[in-house]
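S.K.: Structure in C-alpha cells, see below.
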Ligand code: ADP
Ligand code: MG
C-alpha cells in the first residue's frame, strides 16, 4: 500500500493555545480518512498544516514519500475545499471552475473538455453562466468540488464541506461525495464534527481532543473498541460507569462503557451484570425509545423497540431490572 500522507511529531501553538500536540498519522493512497472531534480540537489547524497554509512549530509533513514541510501550498499536490466554499462571487460557474486551468494556461479546447467533464460529474450542466449568488447551497458546494477536482489532485482536503447544508441535502451530498471519491480514486482527508457523517463515509477516522489524537481506527473499531472514555462518549450513545461505581455495583475492577443496544430490560437471563434501576427519562425517537435509567450514582441508557414482542411499563419512576453480558463492555483506563 502506498502512503499518501505522513505527519510526524507535529506541534503547533498560537500564543498560549496548543492547537496541535505531537500529531502522528499515516494516510494511505485512495483512503477516505476523517479528522473528527469537537469544535476547537485542532482539526482545521491540522488541515492547514497539511495544505501548507500554516507552518508547524515542529515536525514533518510527507506527501507520497517526499518531505514537503518547507514547500509552499501551491506547489503541494493537494487541493482544499473550504466550509464557506470560497467561490469568486463576480465569476460565473464556468469561470470559477476553469480558474486553475487558466492560471496553468491549459489550451482552450482542452479546457472546454475538462470543464464539461467535471460539470457533468457534479451535475451542473446548464448552470455554466450563473453567478454563485444565483445558486442554492448544494449547488455552490458542487461548484467548489468541481473547482478542486478539475486538477485531479492526488489528495483532496475538505473542511466541514457539508456543514452549511440542511440534513436531507447533507445526506444526499454524503452519497455523492463518496461516489466521487471512488470514481476519482483520490485520497480524501475530511474534517467534520459530525460523528454520523464520519462513521458512514470513512475508511478510517482520527478522533481529535484538545489538539491530540485519541484514537485512529476503522469506524467499526471506534464504535466497538473505544480506547478512552472521551472516544466512547463522543461516538454514538454510551453509558460510562466509573471505576468507583464499577467496584461498588458490580465488583468489577475498572471503569467501563456499554452501548444501549446491549442492555436488556426486565429479562430473566444469565447475564454476568445485573442491576435494578428506576426509569428516569424517556425520549421518543421514531422507530424506538431511548430510555434513561438511574440507580443512585449510575445512569444507564437502553433502547426499547415497541414493535418487539416485549411489553414494558414505560411510566416515569417505575422499577426495572437491567442486565448485560460481560463480553459487550469496554474497559476504560481511568
Ligand atoms: P477545529 O477546526 O477543530 O474547530 P481549530 O484547529 O480551528 O479547531 O482550532 C484549534 C485551537 O486553536 C482553538 O483553540 C482555536 O481557538 C485556536 N486557533 C486556531 N487558529 C488560530 C489563530 N489563527 N490564532 C489563534 N488561535 C487559533
Ligand atoms: Mg474547524
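The values are calculated or read from the model by the stated rules, or taken from the named source; none is laboratory data. Just so it is clear, the structure is predicted and the values come from calculations on it, not from any experiment. Methodologically, a virtual Cβ is constructed for each residue, glycine included, from the backbone with ideal geometry; neighbour enumeration extends over all protein chains shown.
S.K.: Of all residues being near ligand 1 (Cβ under 10 Å from one of its atoms) and touching a residue at least 60 places away in the same chain (Cβ under 8 Å) in region 46-79, which is surrounded by the most Cβ atoms within 10 Å (Cβ to Cβ)? Just the residue, please.
M.R.: Filtering first and then ranking leaves 46.
S.K.: A follow-up question, please. Being assigned to a strand (DSSP E or B), more than 16 Å from ligand 2 (Cβ to nearest atom), in contact with a strand residue (DSSP E or B) (Cβ under 6 Å, 6 or more places away or on another chain) and farther than 20 Å from residue 202 by Cα: is that true of residue 5 here?
M.R.: No; evaluated as a whole, the condition is false for this residue.
S.K.: Let me ask something additional. For region 215-233, state whether one or more residues are in contact (Cβ under 8 Å) with a residue 24 or more places away in the chain, within 25 Å of residue 78 (Cα to Cα) and either assigned by TED's automatic domain parsing to the domain that holds residue 9 or buried (at least 17 other Cβ atoms within 10 Å of the Cβ) (or both). Give the derivation first.
M.R.: To start, the set of residues in region 215-233 that are in contact (Cβ under 8 Å) with a residue 24 or more places away in the chain comprises 216, 223-226, 228-229, 231-233.
Keeping just the survivors that are within 25 Å of residue 78 (Cα to Cα) gives 216.
Next cut, either assigned by TED's automatic domain parsing to the domain that holds residue 9 or buried (at least 17 other Cβ atoms within 10 Å of the Cβ) (or both) only: 216.
The answer is yes; a qualifying residue exists.
S.K.: Identify, from the list 181, 185, the residue that is touching a residue at least 40 places away in the same chain (Cβ under 8 Å), under 22 Å from residue 29 (Cβ atoms) and surrounded by fewer than 17 Cβ atoms within 10 Å (Cβ to Cβ).
M.R.: 185
S.K.: Please work out if residue 137 is in the same structural domain as residue 29 (by TED's automatic domain parsing) and on the phi > 0 side of the Ramachandran plot.
M.R.: Taking the combined requirement at face value, the residue does not satisfy it.
S.K.: Continuing with this model, one more query. Considering only region 262-314, how many residues are surrounded by fewer than 11 Cβ atoms within 10 Å (Cβ to Cβ), part of a strand (DSSP E or B) and either in contact with a helix residue (DSSP H, G or I) (Cβ under 8 Å, 6 or more places away or on another chain) or in contact (Cβ under 8 Å) with a residue 12 or more places away in the chain (or both)?
M.R.: Count: 1.
S.K.: State the number of residues belonging to region 8-37 that are in contact with a strand residue (DSSP E or B) (Cβ under 8 Å, 6 or more places away or on another chain), in a loop (DSSP other than H, G, I, E, B) and either surrounded by fewer than 15 Cβ atoms within 10 Å (Cβ to Cβ) or free of Cβ contacts under 8 Å to residues at least 40 places away in the same chain (or both).
M.R.: Matching residues across region 8-37 total 0.
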